[in-house]
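Worksheet: the structure to be examined is printed underneath.
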Amino acid sequence: MSTRDHDNKAARAQMFAKLQRALKDGPAQSARRTHVEGRVADPPNHPLPERVRRSRNELRMQFKAFLEGQSASVLEVAGAGDVPAAIANWLRGHNLPLTVRMGDDAALAELPWSREPALLRENGPAKESDTTGLSHAFAGIAETGTLALTSGPDNPVTLNFVPENHVIVLADADLVGPYEEVWTRLRQRFGKGQMPRTVNFISGPSRTADIGGKLVTGAHGPRRLCVVLVSEPMT
Amino acid sequence: MNSTAHNFKSNARVALGDQQLQSALGNLKGGLVANRTKARAALPEFEALRDVAKDIKNHTIANLDLYLEIYEQNARAAGAVVHFAETAADARDIILKICRDANAKIVTKGKSMVSEEIGLNAHLEAAGGIEVVETDLGEYLVQIRKETPSHIIAPAIHLTQGQVEADFRRLHTHLPKDRVLVEPAQLVNEARGILRQKFMTADVGITGANFLIAETGSSIIVTNEGNGDLTQSLAKTHVVITSIEKLVPTLEDLSTILRLLARSATGQECSTYMTLSTGGRRVNDHDGPPNYHVVILDNGRTDLIGTEFQDVLRCIRCGACMNHCPVYGAIGGHAYGWVYPGPIGSVLTPALIGVKEAGNLPNASTFCGKCADVCPMKIPLPDLMRHWREAEFDLGDLPRGYRTGLAGWAFFARRPRLYHLAAKVGIPLLSLFGRRGRFSSLPFAGGWTRYRDLPAPQGRTFQQLWAERQAGVTR
C-alpha cells in the first residue's frame, strides 16, 4: 500500500500564507518582526514566586523538603571526598549491588573512588542490566526540588531512565532558586539559543496514578532517586 | 478518530447507567480537584501568573507566523527535520513515511492527544503493518481494551482497579495464572515488565509536545512515569507530533506557564519529568536518537484566529476544566464522542470537526462557570460555548420543538412587560401545583424530572426581588 507523497515545501508555504491571512498581516510585518525578534533576543523578566528569593540556607532546606516529599533521598556531604562513601552506604542500605554506571563527567571521575574499593564503576550509556545510574547535575532548583541534567557523553541521558536506581550528585554552588537561573546558566554554558540534545528536569522517582487514582512509584523509570548534595565546590 | 459526538444524548444516558464508570468517576473530587486546590494555595502568586500566562499566549498567537518561523529556523539548525501538516491525513502520511524509512516494525508512543486527533495508531497499523505500543500506563490500559482516552491527562480515569486486573489476566497469558494482583503496585509492575521489552526493541519513538520553544528550537514533554523519555531516547528515531498553537517564544515564557500547568493538572508542584529536546543525538553523544522529526499540525486551528474562538488556542491541555465540570463528573469523557472531552472539548470539537456533528456538546453545560474559574489560561469557556449555541441555532437544523421553545422564550424575553406579567401569573401557579415544594414530573420537562425532582418556585419572581433590592427594601 502506498500513500501520497507529502510536499513539505508546499504545505509550509500554505500554512504560513494561511496564518498571515488570518493575522491580517500587511505592512505591519516589519514592525512586528522587530518586536518579536527583540523579545526572543532579550527575553522578558516575568514575575517570580517569592519562595525563590529566600536565604541560601532556606533554599537548601526547601530543595531538600520538596525532594523528600516526592520520595527521593537527599544526602548532604561536606566535600567531594565524602561522595563515594555516601553512595556506597546508600546502595548498601537498599541491598543494592555496589556497581554504578556513569558517563565521562570529569568531576565524577575525579572523586576519590579508591576510598570505596568495593564500589565498582562502569562507563558508558545505560544497559538494560544496569541497576544504578550515576549522574552529575547541571543545576538544582530550590523552587520545586528539581534537578536539571544536560545530556552528552559526560552524562548520557539513558542513565536517567533505564536503571532502577538513580544517584545524582549536585554541588551546592549549582543550587539555584528559580528555573530562570537555569536558563541563564544554559545560555552561558552552551551559547544563546543553543541547547544540548536534552535538558532533563527530574523531581523524584518515576510515578503513576493511572490505576484507580492511587499513587505508585517506579512506573517506567527509576524506582529510587538519591541526591548527593556536596557543600564544598567540586572541581 | 471517528466521532460519535452526534450521539451525545444517548452516550450520556448510557454513561449515567454504567456502574463501573460511576464508581471510577467518584475518585475525581478527592484526587485531582483536591490536589489542585492545595497546590494553588501553596503558591500565592498563582492568580497573578495566570494573567501573565494569558498575555504570553495572546502575544504568541498574534505573532504565530513569526514565532513559527523562528522556531523552525532554530530547530533545523540543531538538526531537527521539521514537517508541516495542514490536515490530519497529511500528518498521518508524514509519520508513516518516517516509520517506513526507518524500517520500523515496533513503534513506542508517549502520550499525545494530537496523535489521537489524527487517528495515528490505526493508520500505522493498517497502512504500515507496524505494531504501535502506547507506553503511558493509562494509555496502555485504554489501548488493550481497544478504547480511547476518556480524559486528556488521565486517559484511564474511567476504569476501576478491578477492570485493569481482569484485562491483565485476559491478555498477559504468558504469566503465571496464580500471580497476585491485589495492589496497584503489582499491576504497575506487571505493565512495567511488559513495556520495558517494547522500549528496548522499538525502532521509532513517538511523543507529543506540551510546548515548542521558538528561542531554542526545542520541544518539551511533561510526564510523571518516565515513559516518554524511554520512548524518545532508546529508539533510533524520535518523532514529535504536535500542533501549531503549542509555541511559546522563550524559555522564560515556558517556565512561567509551567508554573501553572502541573498545579492545574494533577496538583503537583511540578511534574516528575520535564524534558527539553533539541535536535537529535550530537556527534560525541553515546545515546539518544540519531533522527529527530517534528510534525506540526494545523488541522483547522489557524481558522480560529481572528474569530470569537481565538481564545481557545491558549489552551495548555491541563484538564482542570473537565476535572471541575459537573457534567464531565457525571458522564465521564467517552460520552463526548471525540478526542477532547469536558468544557474544552465542547469548544474545541465543534471547531475542529464542525458544529453539525458536535453541536450537542456546547449544550451540555450548566454554565456554572467553574471551568473558566479554574482555567490557568483564563479561557472564557462558557462564553465560547454560547457562541457555538448561536452558531448551531443559525444552522437551522435543530428539532422543531427545540426551536419553537426557544422562539417562545425569545418572544417574551424581548417584551419585558409581557415577560413580567407571565412570570407574575405563572410562578404562583407553579408553586401552587408543586407538591411539597417539588415536581416529580412536569410537561415539557421530562428531561429533567426523569432523573430528579424539579424544585417548585417558592414565592416572588426574580424581577420582583430585584426591584425591591433596587428600591432598598430589606426583608
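With no solvent and one equal point scatterer per Cα, compute the Debye intensity ratio I(q)/I(0) for the protein assembly as shown at 0.05 Å⁻¹ and report its log10, rounded to two decimals. Rounded to two decimals, the profile gives -0.27. Centroid-to-centroid, using Cα positions, region B:48-80 and region B:424-447 are 55 Å apart. Where a ≥ b ≥ c are the square roots of the eigenvalues of the C-alpha gyration tensor, would you call region A:54-230 rounded, which needs a/c under 1.5, or, failing that, prolate if a/b is larger than b/c, or oblate? It is rounded, given that a/c, with a ≥ b ≥ c, falls under 1.5. The alpha-carbon of B:K236 sits under 17 angstrom from the alpha-carbons of these aspartates and glutamates, leaving out residues fewer than 8 places away in its chain: A:E128, B:D101, B:E131, B:D203, B:D285, B:D287.
Counted over the protein assembly as shown, the DSSP beta bridges are approximately 35% antiparallel.
What is the local net charge at A:V74, summed over the other residues whose Cβ is closer than 11 Å to its Cβ (Lys, Arg +1; Asp, Glu -1)?
Numbers: positive: A:R60, A:K64; negative: A:E68, A:E76.
Neighbour charge sum, excluding A:V74 itself: 0.
Each Lys or Arg adds one and each Asp or Glu subtracts one; over the other residues with Cβ under 12 Å from the Cβ of B:V133, this totals -2.
In terms of distances greater than 21 angstrom between alpha carbons, the cross-link table entries B:K109/B:K246; A:K64/A:K192; A:K18/B:K54; A:K127/B:K198; B:K111/B:K378 yield A:K64/A:K192; A:K18/B:K54; B:K111/B:K378.
Remind me, relative contact order of region A:54-230 in percent, using alpha carbon pairs under 8 angstrom and six or more residues apart?
Once divided by the residue count of region A:54-230, the mean separation gives 27 percent.
DSSP beta bridges fully contained in region B:43-302 are about 25 percent antiparallel. Counting other Cβ atoms within 10 Å as a rough exposure proxy, the listed residues B:Y419, B:Y71, B:Y451 run B:Y451, B:Y419, B:Y71 from fewest neighbours to most.
Restricting to region A:54-230, compute how many DSSP beta bridges are antiparallel as a %, nearest 5. Roughly 25 percent of the DSSP beta bridges within region A:54-230 come out antiparallel.
Over region B:130-208, what is the relative contact order in whole percent, taking alpha-carbon pairs under 8 Å and six or more residues apart?
Reported relative contact order: 22 percent.
The trypsin sites (Lys or Arg not before Pro) of region B:148-187 meeting both criteria, a DSSP state outside H, G, I, E and B (loop) and at most 16 other C-beta atoms within 10 angstrom of the site's C-beta, are B:K177, B:R179. Taking a straight line from the alpha carbon of B:K38, these lysines sit under 19 Å away, with near neighbours fewer than eight places off in the same chain left out: A:K214, B:K29, B:K370.
In the elastic network of chain A, a GNM with C-alpha springs shorter than 10 Å, the most mobile of A:K214, A:K18, A:K192 is A:K18.
With n ≥ 4 as the cut-off for DSSP H runs, can you work out [θ] at 222 nm for chain B, using -39500 (n - 2.57) per run divided by the number of residues, rounded to the nearest 500? Can you show the working numbers first?
Working: 24 runs with 238 residues, N = 475.
Computed ellipticity for chain B at 222 nm equals -14500 deg cm²/dmol.
The aspartates and glutamates whose alpha-carbon is closer than 19 Å to the alpha-carbon of B:K177, local same-chain residues fewer than 8 away aside, are B:E165, B:D167, B:E190. For a 4.7 Å threshold on C-beta separation, the list of partnerless cysteines in the protein assembly as shown reads A:C226, B:C99, B:C270, B:C315, B:C318, B:C325, B:C368, B:C375.
Quick note: the coordinates plus some simple rules give every number you see, no bench work behind them. These figures come from a predicted structure and were not determined experimentally. We place every Cβ from the backbone using ideal geometry, glycine too, and count neighbours over all the protein chains shown.
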